[in-house]
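First up is the structure itself, then whatever we jot down about it.
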Amino acid sequence: MVQVTSNLRVLFWTRRRTAPRGGDQIALEYTIAALRARGVECDVSNILSQDLTPYSLVHLYNLSDPNSAVAYVDRLIDAQKPFVVTPIYWPHQQWLDARTHATPATNPEFFLGELADEERALSADVLRAQENMARAAHQLVFDAAARIFALSNMERDLISCEFHAAAERLHVTYNGIDPAFQHGDAERFFKAYGLRDFVFSAARIEERKNTISVIRAWREETIPLVLAGNAPEADYLALCRHEANANVHFLGALAPASLADAYAAARVHVLASWWEEASLSALEAALAGCAIVMTKNSSAHEYFGDACILCDPADPPSIHDALRAAYNAPGQTELAAQVREKFTWDRAVETLCAAYHEIAAQPQNLLPYGDASAWKQVSSSLSELLYLRETYLNTLETQARKQAAWAHELEKMVIAHDSVRARWQPLARLARKFSPRP
């Protein structure tokens, strides 16, 4: 039976870059619903000037936007308001290596072949500086937070090891699952799309989710690959469509009921992302009876045990072999029941409620403070990032102006010489279109 609490009012401060809508926002909606069922008043905001006076404490949710996180902590220190954080953290090192060492043979989608070597190196420096800034922001938040809520023991251990967070401030709150996803209708999906027993991926079509590698891994197979999700990066979607064959189906974002039907009709669900913290779509698919393939850069084994097959996101053959093994394996008989029993939203908020009450009872002992070394690291990282971004943009602008000057000269030559007009005028117009005037 749910224990109802009272006299708690919590503000959830979320990432300020809210698009695209992702699993973190869906999980937050379920979390708030479960908290409200226990009598906890909850508000959600991403406004930095939000009045903090009415709240017992503030809950920072998702640190993927480091600039927002730093600004939030600054406000919280000034207001002397205790706060907790759900960081949703996983290291990005393999993705960073793939980005900064891309070749046409390994990761053509990352390869910056049109840039000079110096410009490619500068681009890599910008990426590294962004990661350093994010890590500095995480350190600042973890040092000041009263409690840190990881989505798995693996995430908790990473935060403890990499950021030296005290064990007594670290707690695990697993994601929950909506039971409705066990009631999908496979026949209804088949009637709507003509597909069944396919490989399925319910995820945004984007670089982080590594959709292109799943397409490459499976394109020689005759079993359909079905992709359902928003595509926030138009260029990436175009690349995926270019590399896909007729056996790859892009369905766009599906409503929850249609998504449940898709899980019911699928045989395997895959997330070969560069990293995943605790995927809601994988939980939904497992509840519906799908075999699960997950990136090795995740806490998937903790959620699904040996029923989950891991793959290397940087290696399409690894993704293919994991998918084939999952597809050929006997149907899941126990995983759905385990997921349904263990991962509930009410259970997920038990730890939150206990921590909220503890903090509200002794707020003066858990107020945020500004560690000088943490602020210095943020300041240094931000300064370096801004310098590199400005340098990178200035370098590209110089190249663009050279391109514009070349286009201008070409256009003058075309105008001056009728004999070359028919051949070169289209190229001159194209060059002028995509280049700024000097």
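For region 8-78, chymotrypsin sites (Phe, Trp or Tyr not before Pro) meeting the loop criterion (DSSP other than H, G, I, E, B) and having at most 14 other Cβ atoms within 10 Å: none. By definition, a body whose alpha carbon gyration tensor gives a ≥ b ≥ c is oblate when a/c is 1.5 or more and a/b is not larger than b/c, and region 344-389 fits this oblate description. Over 29 Å apart at the Cα level, from the set 296/342; 81/376; 191/296, are 191/296. Spin-label model, residue 117/residue 350: points 7 Å from Cα along the beta carbon direction are separated by 6.0 nm. Modelled spin labels at residue 80 and residue 171, positioned 7 Å past Cα toward Cβ, are 2.5 nm from each other. Taking a ≥ b ≥ c as the square roots of the eigenvalues of the Cα gyration tensor, an a/c ratio of 1.5 or more together with a/b no larger than b/c marks region 122-215 as oblate.
Taking the alpha carbon gyration tensor of region 321-401, multiplying each eigenvalue by 5 and rooting it gives semi-axes of 44, 35, 9 Å, largest first. Site-free segments of the chain were taken between trypsin sites (Lys or Arg not before Pro) in DSSP loops having at most 13 other Cβ atoms within 10 Å, sites themselves excluded; the longest one is 22-438.
Computing percent of Cα pairs over 28 Å apart for the structure here picks out one of (1) 53; (2) 57; (3) 49, namely (2).
Neighbours of residue 199, meaning other residues whose beta-carbon lies under 15 angstrom from its beta-carbon, give a summed charge of +2 when Lys and Arg score +1 and Asp and Glu score -1.
The residues of the chain present an accessible area of 47 Å² per residue when probed at 1.4 Å with all protein chains retained.
Among the GluC sites (Glu not before Pro) in region 245-338, which ones are in a DSSP loop with at most 10 other Cβ atoms within 10 Å of the Cβ? Mind listing them?
Hits after loop and neighbour filter: 334.
Once you divide the Cα radius of gyration of region 44-156 by 2.2 N^0.38 Å, the number left is 1.36.
Per-atom-type breakdown for region 220-379 gives carbon and sulfur 51% of the accessible area (1.4 Å probe, protein chains only). With a cut-off of 11 Å, note down the residues of region 107-128 whose backbone N falls inside the zone around a label point 7 Å from the Cα of residue 398 toward its beta carbon. Counting only backbone N, you get 119.
Applying 1/(1 + (r/R0)^6) with r as the Cβ-Cβ distance of residue 222 and residue 25 and R0 = 41 angstrom yields a FRET efficiency of 0.65.
Under the simplified labelling scheme, the residue 371-residue 321 pair shows an inter-label distance of 4.1 nm, with each label point 7 Å from Cα along Cα→Cβ. The listed residues 207, 41, once ranked by accessible area (1.4 Å probe) with the largest placed first, stand as 41, 207. Rounded to the nearest 500, the helix-only mean residue ellipticity at 222 nm of the chain stands at -16500 deg cm²/dmol, with each DSSP H run of n ≥ 4 adding -39,500 (n - 2.57).
The length gained on full extension between residue 124 and residue 389, counted as 0.36 nm times the residue separation minus their Cα-Cα distance, comes to 94.3 nm. A Förster radius of 51 Å, combined with the Cβ-Cβ distance separating residue 48 from residue 190, puts the computed FRET efficiency at roughly 0.55.
Given an 8 Å cut-off on Cα distances and at least 6 residues of separation, report the relative contact order of the chain as a percent. For the chain, the relative contact order is 17 percent. Can you bin region 166-324 into rounded, prolate or oblate? Criterion: square roots of the alpha carbon gyration tensor eigenvalues sorted a ≥ b ≥ c, rounded for a/c under 1.5, prolate for a/b above b/c, oblate for the rest. Because a/c hits 1.5 or more and a/b fails to exceed b/c, region 166-324 counts as oblate.
Tell me the net charge near residue 370. Cut-off is 12 Å between Cβ atoms, residue 370 excluded, with +1 for each Lys or Arg and -1 for each Asp or Glu.
Spelling it out: positives minus negatives among the neighbours equals -2.
Around residue 340, with a cut-off of 12 angstrom between Cβ atoms, what is the net charge of the other residues, counting Lys and Arg +1 and Asp and Glu -1?
Neighbour charge sum, excluding residue 340 itself: -2.
Here the extension length gained between residue 242 and residue 94 equals 50.8 nm, from 0.36 nm per residue of separation less the Cα-Cα distance. When +1 charges are put on Lys and Arg Cβ atoms and -1 charges on Asp and Glu Cβ atoms, the dipole computed for the chain relative to its Cα centre reaches about 1140 debye.
The values are calculated or read from the model by the stated rules, or taken from the named source; none is laboratory data. In this text the structure is predicted, and so the values were computed from the model without any measurement. Quick reminder, even Gly has a Cβ in these numbers, built from the backbone with ideal geometry, and neighbours come from all protein chains shown. Ligands, DNA and RNA are stripped out before the accessible areas are found, and what is left, the full protein with its side chains, is counted by its heavy atoms. Shrake-Rupley method; radii C 1.70, N 1.55, O 1.52, S 1.80 Å.
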